[in-house]
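As structure tokens, the structure follows; a few thoughts come after it.
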Amino acid sequence: MIQDRPLIVGIGGTPRRGSSSERALAVSLRAAEDKGARTILLSGAELLLPMYMPGQQQSDQASRLLAALRECHGIIISSPAYHGSISGLIKNALDYAEELRTDPRAYLDGIPVGCIACAGGWQAVGQTLGALRTIAHSLRGWPTPLGAMLNTSTALFDTEGNCIDMATQRQLETVGHQVIDFVRMQRLGRQRAPSIPIDARVEP
């Protein structure tokens, strides 16, 4: 049943199809699917959105992004490193989450956020992962314990998009697994949490 299959949304990549960050995101989403999730991947042209401006009329792509963010139970974000931080494409897409500020679930409140950073060196990839985690916190999300760091100075994917480095594969799969596991732990916790009678609460 659909309600038993949490929706995980993937946001990432570059305007160029088949980028390392898009391929990495696809690996993590497949890992979540293997554990029973439904997934949506938003990448490439789907993220070529107008520069975010509060109150503007939303394009079709922006409306789809916002609908996915409202419906999802978890998110995985994959960004290339541009000059030591996340790309403008990914930052602009995440800025659209400001439209969720008055929703019953404001922003990304309480949902798990898997973070993937790709760069041609370890310094840039570390800084980019830190930026992704900071943004997730700012949007009230919960970054997963593991954030994937991919040094793309060596080949990590074949021409079909398959990961050819086992250590990288494990990182990306772990991110996908942790997102779906967090969703299910939350659900289980809500089911088991006892209600506290008003008259039993301790007054200060």
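The values are calculated or read from the model by the stated rules, or taken from the named source; none is laboratory data. The structure displayed is predicted, hence computed values, not measured ones. Virtual Cβ from ideal backbone geometry, glycine too; neighbours counted across all protein chains shown. Only protein heavy atoms, including side chains, enter the accessible area calculation; ligands, DNA and RNA are left aside. Shrake-Rupley method; radii C 1.70, N 1.55, O 1.52, S 1.80 Å.
For residue 17 and residue 58 in the same chain, what is the full-extension length gain: residue separation times 0.36 nm, less their Cα-Cα distance, in nm? Let's see the in-between values first.
Values: separation 41, 0.36 × 41 = 14.76 nm, distance 2.38 nm.
Working it through step by step, the gained length comes to 12.4 nm.
Compute, for the chain, the length of the dipole vector about the Cα centre, with Cβ point charges of +1 (Lys, Arg) and -1 (Asp, Glu) only. Units Debye, rounded to 20. Mind dumping the intermediate values first?
Values: 20 positive and 19 negative charges, 48 e Å.
That gives a dipole near 240 debye.
Quick check: with the 1.4 Å probe, what order do 188, 172 take by accessible area, largest first? It would help to have the intermediate numbers written out before the result.
Values: 188 75, 172 0 Å².
Heavy-atom accessible area, descending, gives 188, 172.
Relative contact order of the chain: what whole-number percent is it, with Cα pairs under 8 angstrom and at least 6 residues apart?
On the way: 375 pairs, mean separation 48.3, N = 204.
With pairs under 8 Å counted, the relative contact order is 24 percent.
Leaving out ligands, DNA and RNA, and with a 1.4 Å probe, what % of the accessible surface on the chain is carbon or sulfur? Numbers along the way, then the final one.
On the way: 5750 of 10510 Å².
Carbon plus sulfur share of accessible area: 55 percent.
Pull out the extension gain between residue 170 and residue 153, defined as 0.36 nm times the separation in residues minus the alpha carbon to alpha carbon distance; nm, one decimal. Walk me through the numbers on the way to the answer.
On the way: separation 17, 0.36 × 17 = 6.12 nm, distance 1.85 nm.
My answer for the length gained is 4.3 nm.
Taking θ as phi - 60°, what are the ³J(HN,Hα) couplings along the stretch 76-84 by the Karplus curve (6.51, -1.76, 1.60), each to the nearest whole Hz, with x for Gly and Pro?
Result, ordered by residue: 10, 10, 10, 10, x, 8, 10, 6, x Hz.
If you roll a 1.4 Å probe over the heavy atoms of the protein chains, what accessible area per residue do you get for the stretch 45-181, in Å²? Intermediate results must be reported in sequence, preceding the final value.
Details: 6400 Å² over 137 residues.
Heavy-atom accessible area per residue stands at 47 Å².
Quick one: which residues, 5+ away or cross-chain, put their amide H under 5 Å from the amide H of residue 87? H built at 1.01 Å from N.
Sorted by chain and number, the residues that satisfy this are 82.
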